[in-house]
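The values are calculated or read from the model by the stated rules, or taken from the named source; none is laboratory data. Just so we're clear, the structure is a prediction, and the values are computed from it rather than from any experiment. All Cβ positions, glycine included, derive from the backbone under ideal geometry; neighbour counts span all protein chains shown.
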C-alpha cells in the first residue's frame, strides 16, 4: 500500500476478455471459462484482499473448452463450456455450466449435462490457491509471500489461511459432495444418458476469525438474496428513460446498472450506501471520485449522494498525521480495508488530496439545492465548517489566497488533484511542475464551496453568514482571474508552481473552472474556443492536454487521453456560460464514444483524433465499469436539459437544449425534492409532472447559482 500511493508504473493489465463480477466490497476477475489462473491479476477479492488466487476446474485433468459467458447481473454469470472430445471422437457430449454468484465471498453451482446416449463417467477437480495478496500488490505486480500460511481440510471442507502482523485472513471452501485434499476438490461423477449432475461450492472469507453471512445461501432462492434484492430495488425504483435515440437509451440504462453495482457499504455503517470509484482496482470509497460521481447522479438516486457525504464526513480528518496526511477537517482521498494497507500507512485511510475537501462542501450544497432531506443535510454543517477550516488553515498554508498541495512524506502522492499521476502537471515545454502547486480547478472548487456555504447559511436564516461567504467567493474570483489568466495565450494557467509562476500548459482542467463559475465572463468565450480547438478536441471528446504541448502523448494516462467524466464537467461548464453548440458538440462526441463501447464508457480512452481512427482507441488498463465514467451520460442529459434546481428558493430551472437527434425525450420517476417527477421534452419544449406545489419551473437560473443574492 505504501507503494500504492506513489506507484509510477502501469497497473496489471486486465484484458477485454476478462469477466468482472462485483458486489459491494467483493469482486472476481476470471477467464471466459470461469477459471482463475495463478500468476495473473485475476482472483476473488474481499475487502481489498485476494482470497482466491487460483480456481481451476478440470474434467479428467483437461481444461473445459469455453463456449459462452452470460453475465446476467453485475454479481452473477453463467459460464458454458464442454468437455474436450475424447480420443477418436469429433465432438463432446458433456456440457459444463458454472453459475457464479459473487457477494461476501462466492458461490458456484456446477452442472454437468450429458447429451449423449450412454452414461458418462468423469472426474471433476477444482484446484484452489489463496495467496492473500493485498489488492495493491496484485495491481502493481509485486506479490510477495509473507506470513505463516496454513491448510486444513476434512470431510467436505477446505480452509486456507495466512497469519501476518497479528492479523489473520482465511478462506473457507465447502464442497459437501466432494473429496477434499490440500488445494484440491475432487468429485467422481457418473452422469446418466440425457441426464444431469450438479453440486454447489461455497467460498467464504474469514477475517480475524469472523465469517460474514453468505450473500447467496443455498437454502434461499437466488432472487431473494441480498444482492439480488438490492439490484432489483435499484432498477425498479430508479428513473425510467424513453428516447427515440437507441444509443442514448441503452447508454443511460447501462450507466444506471453499473452505478448500482458500484455501490458499497461501510462495514461499520452497513445501511448507508456510498459509491466506489471503479472496478477492478478501485472498489473503495474515493473522496474526489465518489463526490463527483454523486454530484452527477443526484437526479438518479440522491440517497447515494447523501450516503457518500455522510460516510466521508464520518472519516473526516481530526488530527495531524504526516504519514497518512490526515489533517483536521480534511476529507479522505481513499479508504481501504486490506491488512497491507492498514499497516503500511498506519491506518487504512489516506488523506492526500487537495480537492476532495472543497468538493465535499459543494456536494452538501447540492444536496440542499436538490431538496434532499433537510434535517440530514443540516446535520452535516459542522463537517462543512471543519472542511472550510481546513481550506483556510492547511490548504492555504502560505496565505496567498489559493489552496496548494505538497505531500508531507515520500510515501504520499506527488500530485494531489484529479490528474494525480506523477507526470500529470507540466509546463508547455513538458517539464513537470514542482510543488507546492495551486491547481486552477481546485480554486474553482473552493469558489463553488464558498457559494455553497452561503446558500447553507441563508437556508439556516443566517444572512450575515451568507453575505460573508459570498464576499469570500467574490474575492477569490477576482484574485484567480488576475493571477491565473494568461492573456498572451488565451487560457488560464494549469496552476501556480512553488515559485508562484504560472504552469502554462493548455489542459482540460480549465474546463472545470467554467463548471464552477470562477471564470470572468469576458474570458469565457476564448476559453471555450480553446477547448474545442483541433489541439484539444479529438472528435471523441476533449483531451486532457493539447497536442502541441511538450508532454502530449495520446496513450498516456493524463497527458493527452480523453476522460468521459472530464468531458461531462467541461460540457456543463460550457453550457453554464451559454456556449450551447460547444456543449452539444462535446456531448455528442462522448455519446458516440459510448456507442462504440456498447454503452459502457471506460475510465478513459486514448486521445487519437477521430480522423485518424474510426473508433476510439481503448486505454489498456482503464477501469470498467468506473463510477464517474458511468455517471457522465447522466450528467450530460442534465446539462442538455439545463436542469438546475434550487429548492431553497422554490425553483427549478428547465431550459432544454437537446440536439435534434435526442428530441423527443421522456424521463419518468426522477427523484426530486421528496417527490417523483416526470419530464417530457418534445420539439424543444418541456412539460413537468409531479413537481411539488411550492416549486415553480423557470427558464432562468437562480441568481445564487452565479454568486448573486436571491431577491
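As an exercise: evaluate residue 629 against (1) buried (at least 23 other Cβ atoms within 10 Å of the Cβ); (2) farther than 30 Å from residue 555 by Cβ and give the number of the one condition it does not meet.
Of the numbered conditions (1) buried (at least 23 other Cβ atoms within 10 Å of the Cβ); (2) farther than 30 Å from residue 555 by Cβ, the odd one out for residue 629 is (2).
Could you pull out every one of the helices (runs of 4 or more DSSP H) wholly within segment 219-325 that has 1 or more residues that are not assigned by TED's automatic domain parsing to the domain that holds residue 676? Give the steps one after another, and end with the answer.
Working: elements: 226-237, 246-261, 287-296, 302-314.
Per the criteria, 226-237.
If you scan segment 177-194, which residues turn out to be more than 16 Å from residue 59 (Cα to Cα) and surrounded by fewer than 13 Cβ atoms within 10 Å (Cβ to Cβ)?
Listed by number, the residues that qualify are 181, 182, 192, 193.
For segment 386-398, enumerate the residues that are in a loop (DSSP other than H, G, I, E, B) and within 30 Å of residue 567 (Cβ to Cβ). So that I can check it myself, show each step before the final result.
Here is the first cut: in segment 386-398, the ones in a loop (DSSP other than H, G, I, E, B) are 396-398.
Result: 396, single match.
For every residue, the table says whether it meets (1) touching a strand residue (DSSP E or B) at 6+ places or on another chain (Cβ under 8 Å); (2) at pLDDT 95 or above.
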residue	(1), (2)
407	no, yes
411	no, no
424	no, yes
428	no, yes
433	yes, yes
436	yes, yes
440	yes, yes
443	no, yes
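Within segment 138-145, is there a residue that is touching a strand residue (DSSP E or B) at 6+ places or on another chain (Cβ under 9 Å), assigned by TED's automatic domain parsing to the domain that holds residue 215 and part of a strand (DSSP E or B)?
No - not one qualifying residue is present in segment 138-145.
Which of the residues spanning segment 393-405 are within 19 Å of residue 352 (Cβ to Cβ) and either loosely packed, with under 15 Cβ neighbours inside 10 Å or at pLDDT below 95 (or both)? Before you say what the answer is, go through the steps one by one.
Going residue by residue through segment 393-405, those that are within 19 Å of residue 352 (Cβ to Cβ) are 393-398, 402-405.
Residues satisfying the conditions are 393, 397, 398.
Just to be sure, is residue 25 surrounded by 16 or more Cβ atoms within 10 Å (Cβ to Cβ), outside the structural domain of residue 253 (by TED's automatic domain parsing) and modelled with pLDDT of 95 or more? Break it down into steps so the answer makes sense when it comes.
Working: surrounded by 16 or more Cβ atoms within 10 Å (Cβ to Cβ): yes; outside the structural domain of residue 253 (by TED's automatic domain parsing): yes; modelled with pLDDT of 95 or more: no.
No.
Can you tell me which residues in segment 259-286 are farther than 19 Å from residue 624 by Cα and either in contact with a strand residue (DSSP E or B) (Cβ under 8 Å, 6 or more places away or on another chain) or at pLDDT 85 or above (or both)? Walk me through it before giving the result.
Going residue by residue through segment 259-286, those that are farther than 19 Å from residue 624 by Cα are 265-273.
Listed by number, the residues that qualify are 265, 266, 271, 272, 273.
I'm trying to understand the selection: among the residues of segment 410-450, which are touching a helix residue (DSSP H, G or I) at 6+ places or on another chain (Cβ under 8 Å) and outside any loop (DSSP other than H, G, I, E, B)? Step through it out loud before you land on a result.
Residues of segment 410-450 touching a helix residue (DSSP H, G or I) at 6+ places or on another chain (Cβ under 8 Å): 410-414, 417-419, 422, 439-450.
Of everything in segment 410-450, those that are touching a helix residue (DSSP H, G or I) at 6+ places or on another chain (Cβ under 8 Å) and outside any loop (DSSP other than H, G, I, E, B) turn out to be 439, 440, 441, 442, 443, 444, 445, 446, 447, 448, 449, 450.
Identify the residue in segment 535-581 that is buried (at least 22 other Cβ atoms within 10 Å of the Cβ) and out of contact with any strand residue (DSSP E or B) (no Cβ under 9 Å at 6 or more places or on another chain) and, among all such residues, is farthest from residue 627 (Cα to Cα).
579
Give segment 590-609 a look and list any residue that's more than 26 Å from residue 243 (Cα to Cα) and surrounded by fewer than 23 Cβ atoms within 10 Å (Cβ to Cβ), or say none.
606, 608, 609
Is it the case, given these coordinates, that residue 401 is in contact with a helix residue (DSSP H, G or I) (Cβ under 9 Å, 6 or more places away or on another chain), at positive phi and not in a helix (DSSP H, G or I)?
Working: in contact with a helix residue (DSSP H, G or I) (Cβ under 9 Å, 6 or more places away or on another chain): yes; at positive phi: yes; not in a helix (DSSP H, G or I): yes.
Criteria met by residue 401.
So, in segment 57-115, how many residues would count as being part of a strand (DSSP E or B) and within 20 Å of residue 190 (Cβ to Cβ)?
Looking only at segment 57-115, we keep the residues that are part of a strand (DSSP E or B), and these are 57-59, 62-63, 65-73, 76-82, 94-103, 105-114.
Then drop every residue that is not within 20 Å of residue 190 (Cβ to Cβ), which leaves 57-59, 62, 81-82, 94-98, 109-114.
Here the count works out to 17.
Do any residues in segment 154-166 that are outside any strand (DSSP E or B) have Cβ atoms under 7 Å from those of residues that are loosely packed, with under 15 Cβ neighbours inside 10 Å, where the two are at least six apart or on different chains, and which pairs are they?
Hits for this filter: 156/176.
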